[in-house]
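Read-outs throughout are calculated quantities, based only on the coordinates presented, and are distinct from any laboratory measurement. Model, not experiment: these values are computed from the prediction. As a convention, Cβ positions derive from the backbone with ideal geometry for all residues, glycine included, and neighbour counts pool all protein chains shown.
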Amino acid sequence: MIIRLERIERTFQVGDEQVRALRQISLGVQAGEYLSIMGPSGSGKSTLLNILGLLDRPDQGTYWLEERNTTDLNDRQQAEIRRHRIGFIFQFFHLIPRLSAAENVELPLTLAGIDPTLRKQRVDQALDRLGLADRAKHRPDQLSGGQRQRVAIARATIMHPSIILADEPTGNLDRSSGNEVIQVVESLHREGMTVVMVTHDPELGQRARRRVKMMDGLIVEDREG
Amino acid sequence: MKIKDVVLFCVRSLAGYPLRTGLMLLAMAIGVAAVVLLTSLGEGARRYVTDQFSSLGTHLLIVLPGRSETVGGPPPLLGQTPRDLTLSDAMSLKSSSAIHHVAPLMVGAAPVGHGHLIREVIVLGSTAELYIVRGLTMAQGRFIPTGDVNRAEALCVLGYKLKSELFGSDSPLGQFVRIADRRYRVVGVLSKKGQSLGFDMSDVAIIPVASASALFNRSSLFRIMVQASGREAIPKAKAAILKIIRERHDDEDDVTVITQDALLATFDRIFKSLTLAVAGIASISLAVAGILIMNVMLIAVSQRTAEVGLLKAVGTPGRQIQRLFLSEAAMLSLIGAGAGLLLAMGGKMVLIRIFPAFPVTIPYWAPAAAVGLALVSGLIFGVLPARRAARLDPVAALSRR
């Protein structure tokens, strides 16, 4: 099992109120699975994704990622895992506006200190694969929404992670570019990556083989097939 | 992350916000330029004074009437004089082997005229040896001749400016000038020599000391200038002067002997500390620039929250993010400091234009110190924003658009 959550608990302080975003969540994901997490806003699905991505720490419970207990890793070790094992796709793309498409894709390689010639090779390959070769020198504000998200996907996959975490990847796109992006995400799944996608679009959620529904911090449904 | 990539990343992010970067660079540049320029002004003042003293002549001792009680203070130019310093005091100094030349100096102001032109100038009464002691040079003719110092010969030597004003381009040699109500034959003209210690040697008339004594009806000397027989002989000469004068003045120490070296050393110390003080004041502006960098970096961190969140999401540890922001601050400081140095060079050229006589020199340590200070202040004030960036919660950072 690539992901194993055991009785994960996460509470936020909102004003005077304690909000239990995740209540005793236990979840296992096999390597290569395609999983969608659905639910209304406030149901805890984004919190769950953040914890899966090691951007957030659970208050209680244990999270095994590739059979390794991540709960007591320090910041540097967690960053290491994010860098090599996890790719994020965000609703708002989060491209760095001053950098070109190619440079945005290159960023994880640069931060990891990989040799420039090798970097260039891998960036060119990734852009080519996503049909962005002619957009390499464009800055994000010169790209369409769909193109931006594809640049973001190229960035998320450039380190060859085993897990792709997508948070409403089509939430900010029109239908046709949304479809395009979903095609790309599903092709990643076919290549063997584990894909976990948070969405509140039921149509999108139905496309995943395994569908998890959340409500008030609890998993209320977990269906496969 | 490779150093080249860090530099590139910082350059890109600095170039991404040109106005903000420009303002910070300006602040840094002004700070560095202020430090460099103010220290070079201080250094210039020090050199100016040193040069002035050097132009007095070599191995010089100055004997002043009156006793200075405080050690290391300024010479008692207007001190109370219990006993006058006389010409025979001066001449008796020659008995010491450590003393080569003695030039008594009597000073007064008198109208000097030729034809219908009259100028009020300083009249110096001295002997032939003043020529050697002050290291004077002649433009025309000769200096006061050697001979009996007690003979009041009616001849004079004119300063260059005084000669031009009275005679224009004519040769004054052999002609007569009136000083007060007496007539003096001009025997020589001094060559152009700048000011030395407030004494404009180009605007004086020099007459034999006995003539001056008669002219001003006075026997007391303004001072005696003594040239020791060598640099090593200066302390010996000083002791000899004090001993001889004490014997002649009924066992009383009522003169002050200033050696050029001591004077120079004192002024050197004063101006060095002055320069440092000025540099200290100027470095406050660097601290201000540092605080500005801190403020703007803090704004930068909050503007770039999403970017920091993304950096974390793609696996950048907090420490690395902190290093990136610190590198940015360091680069700002360095570029600003470089611009500041250029600014200082420009400022120096302007100063030289405005005050050509004043030796404005940038001391060798000033640019290094200014750049170092700029870097330190940039780094110190960059720590807080960088730490804030490193500690940002990635979830909160990414939830913003």
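In straight-distance terms, cross-link reach from B:LYS312 covers every one of the lysines whose alpha-carbon lies under 29 Å from its own, apart from those fewer than eight places away in the same chain; here that gives A:LYS45, A:LYS120, A:LYS137, A:LYS213, B:LYS2, B:LYS4. Each residue of segment A:3-224 gets 129 Å³ once the volume of the Cα convex hull is shared out per residue. Mean separation of Cα pairs under 8 Å and 6 or more residues apart, divided by the residue count, gives segment B:83-253 a relative contact order of 34 percent.
If you count Lys pairs in segment B:150-271 whose Cα atoms are under 26 Å apart, skipping same-chain pairs closer than 8 places in sequence, the total is 4. For the pair B:SER164 and B:ILE380, what calculated FRET efficiency results from E = 1/(1 + (r/R0)^6), where r is the Cβ-Cβ distance and R0 = 60 Å, to the nearest 0.05? With a Förster radius of 60 Å, E is 0.50. With N denoting the number of residues in segment A:135-183, provide Rg(C-alpha) divided by 2.2 N^0.38 Å, to two decimal places. After normalising by residue count via 2.2 N^0.38 Å, the value is 1.15. For a modelled paramagnetic label at B:ARG387, 7 Å from Cα along Cα-to-Cβ, the residues of segment B:272-313 in reach, with backbone nitrogen under 19 Å, are B:290-302.
For segment B:353-401 versus segment B:278-338, the inter-centroid distance based on Cα atoms is 8 Å. Our summary of shape: the Cα atoms of segment B:83-253 have principal axis extents of 51, 32, 28 Å, ordered from largest down, in whole angstrom.
Spin-label model, B:ARG20/A:MET1: points 7 Å from Cα along the beta carbon direction are separated by 4.5 nm. Rounded to the nearest 10 degrees, the angle from helix A:145-157 to the longest Cα principal axis of chain A is 80 degrees. Note on A:ASP115/A:ASP75: beta-carbon distance plugged into 1/(1 + (r/R0)^6) with R0 of 25 Å gives a FRET efficiency of 0.45.
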